[in-house]
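Engineer: The structure is given below, and queries will be raised subsequently.
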Amino acid sequence: MAVDTPARIAVLGAGPIGLEAALYARFLGYDVDIYERGHVADNILRWGHVRMFSPFGMNRSTLGLAALRAQDESYLPPGDEEILTGLEYADRYLLPLSQTDLLADHLRLGIEVIGVGRPELLKGEEIGTEERADSDFRILCRDTAGAETVVTAEVVIDTTGVFGNPNWAGEGGLPAIGEMAVRDRIEYGVPDILGSAQSQYASRKTLVIGAGYSAATTVVALAKLVEAAPDTHVTWLVRQASETGPIAPIVDDRLPERATLTIEANRLAAGASPNVVFKPRTTLASVHYDEAAGKFHVELSGEQDGRAEFDAIVANVGCRPDNRIYQELQVDECYATEGPMKLAAALQGSSTGDCLAQTAHGPQSLTNPEPDFYILGAKSYGRNPNFLVSIGLEQIRDLFTIIGDRQDLDLYETAVKLSS
Ligand SMILES: Cc1cc2nc3c(=O)[nH]c(=O)nc-3n(C[C@H](O)[C@H](O)[C@H](O)COP(=O)(O)OP(=O)(O)OC[C@H]3O[C@@H](n4cnc5c(N)ncnc54)[C@H](O)[C@@H]3O)c2cc1C
């Protein structure tokens, strides 16, 4: 059912997809509030030193560029082929975009969304009916001082991502014994090993856990650090590994940055550096932090089990959605990925090793039993790590064909026509 302008839309999260969704809604004339617990592009800035693998042309929209040019004729976007770091992407596109007249007054920074519900309905009432939409959403928020407030909206778009909610590093996805007690001491992000975090890793022994591109980035950076600090040592733990190495190469990879990272990480796993010890089919069984010595004591299980001591642990073991936000709504979640079910099923049916080969799965894949509540962006993929900003932009276009009830609505195309 169409939601007519100027209905109030709450966008949760000011990452790239939240900002672009809000911009699209503003262009259409909706009243928009963007609730962001930190700063604009907060999650991206946490790995701001890492060079992205998708070129800028895949990470911006024609609508975003139109808004920036309308705001400031002298705005010069990065070239479409440029490979930016996360920080450059934020500084040169996302932050200026957030400051355009269309968005600036609609940003509510430092506001964390705790939960979304319907004031007159509980989760189990009016199951899957459109009648649920008769009552606006009630959104419970908390500011940085801890004060709680309630705001309302007719439509909610949850783009809160997954990066702030890492998985556990133990066997079977559970916490390793002792991991919960040392959660704050383990690094679950991608530290700037060759920059601001160098002193925490130089001439020290680090345990790296994980077999994705983030773990590869961490291991390659630590191996580079050996050139400046020869006493730097790395133990790399992965649950599985094929004959080609822990990172599956993509045949004829179109993204050179990603191809280079894969080759270098697999070379290190194969023994290219005496400072990198690779332990395939081995997991973290237990961990304990010795305050006095400033060391982690760990027990490993699997093919290369044993006990060891480390100065630091980087667990790049993936992330999962925080579903507490919509726990009181009727959201159908995938039992494997925790992403919304329809999209998860479509993704399952089209799985490919190369995330670049994917496309969005159409407007209907974004709907769930709760009317007017949508999950977009990295969170829509749940634990599946293959999400790309370019897919999120397609999701936004698809979503507003539903909200506006106009199949042919495509503001990205309109923006191209207007600028040519
Ligand atoms: C190292 C690394 C490299 C990557 N490289 C690429 C790449 O090259 N190309 C690419 O397309 N993708 C890349 N990605 C994935 C990329 O991060 C996502 O595509 C993108 O950030 C997803 O955008 P998003 O808006 O969905 O979520 P996010 O960017 O995660 O933004 C979510 C926002 O929501 C906010 N938030 C969270 N919880 C709440 C709450 N309760 N209340 C209010 N606000 C909240 C967060 O603070 C954050 O600002 C990379 C990821 C990593 C980790």
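The values are calculated or read from the model by the stated rules, or taken from the named source; none is laboratory data. As the structure is a computational prediction, the values presented were derived from the model and not from experiment. With ideal geometry, Cβ positions are generated from the backbone for all residues, glycine too; neighbour counts draw on all protein chains shown. What goes into the accessible areas is simple: the full protein's heavy atoms, side chains included, and nothing from ligands, DNA or RNA. Shrake-Rupley method; radii C 1.70, N 1.55, O 1.52, S 1.80 Å.
Engineer: Restricting to segment 19-56, name every residue that is part of a helix (DSSP H, G or I), touching a helix residue (DSSP H, G or I) at 6+ places or on another chain (Cβ under 7 Å) and within 6 Å of the ligand (Cβ to nearest atom).
Structural biologist: Of everything in segment 19-56, just one residue is part of a helix (DSSP H, G or I), touching a helix residue (DSSP H, G or I) at 6+ places or on another chain (Cβ under 7 Å) and within 6 Å of the ligand (Cβ to nearest atom), namely I44.
Engineer: Of all residues in segment 107-126, how many are touching a residue at least 40 places away in the same chain (Cβ under 8 Å) and out of contact with any Leu (no Cβ under 8 Å at 6 or more places or on another chain)?
Structural biologist: The qualifying residues number 7.
Engineer: Continuing with this model, one more query. Taking the condition modelled with pLDDT of 95 or more, in the same structural domain as G18 (by TED's automatic domain parsing) and closer than 20 Å to A14 by Cβ, does I402 pass?
Structural biologist: Considered against the rule, which asks whether it is modelled with pLDDT of 95 or more, in the same structural domain as G18 (by TED's automatic domain parsing) and closer than 20 Å to A14 by Cβ, I402 comes out as no.
Engineer: Please state which one of E370, E394 is acidic (D, E) and either more than 16 Å from the ligand (Cβ to nearest atom) or part of a loop (DSSP other than H, G, I, E, B) (or both).
Structural biologist: Selected residue: E370, the only one of E370, E394 that is acidic (D, E) and either more than 16 Å from the ligand (Cβ to nearest atom) or part of a loop (DSSP other than H, G, I, E, B) (or both).
Engineer: Which residues, counting only those in segment 379-401, are touching a Cys at 6+ places or on another chain (Cβ under 8 Å) and among the small types (G, A, S)?
Structural biologist: Once the filter is applied, which keeps residues that are touching a Cys at 6+ places or on another chain (Cβ under 8 Å) and among the small types (G, A, S), segment 379-401 yields only G382.
Engineer: I need the full set of residues from segment 131-180 which are of a type in the set (K, R) and either open to solvent by 60 Å² or more (accessible area, probe 1.4 Å) or on the phi > 0 side of the Ramachandran plot (or both), in order please.
Structural biologist: The answer is R138, R142.
Engineer: What's the total number of residues in segment 149-198 that are within 15 Å of the ligand (Cβ to nearest atom), small (G, A, S) and in a loop (DSSP other than H, G, I, E, B)?
Structural biologist: Going through segment 149-198 one residue at a time, the tally reaches 5.
Engineer: Take segment 237-273 and flag every residue that is assigned to a helix (DSSP H, G or I), farther than 27 Å from G172 by Cβ and under 23 Å from the mean Cα position of the chain (by Cα).
Structural biologist: Across segment 237-273, the qualifying residues are P256, E257, R258, A259, T260, L261.
Engineer: Does any residue in segment 70-89 that is closer than 26 Å to F27 by Cα come within less than 6 Å, Cβ to Cβ, of a residue that is away from the ligand (no atom under 16 Å from the Cβ) and open to solvent by 70 Å² or more (accessible area, probe 1.4 Å) six or more places away or on a different chain, and which pairs are these?
Structural biologist: Within 6 Å, the pairs are Y75/R69.
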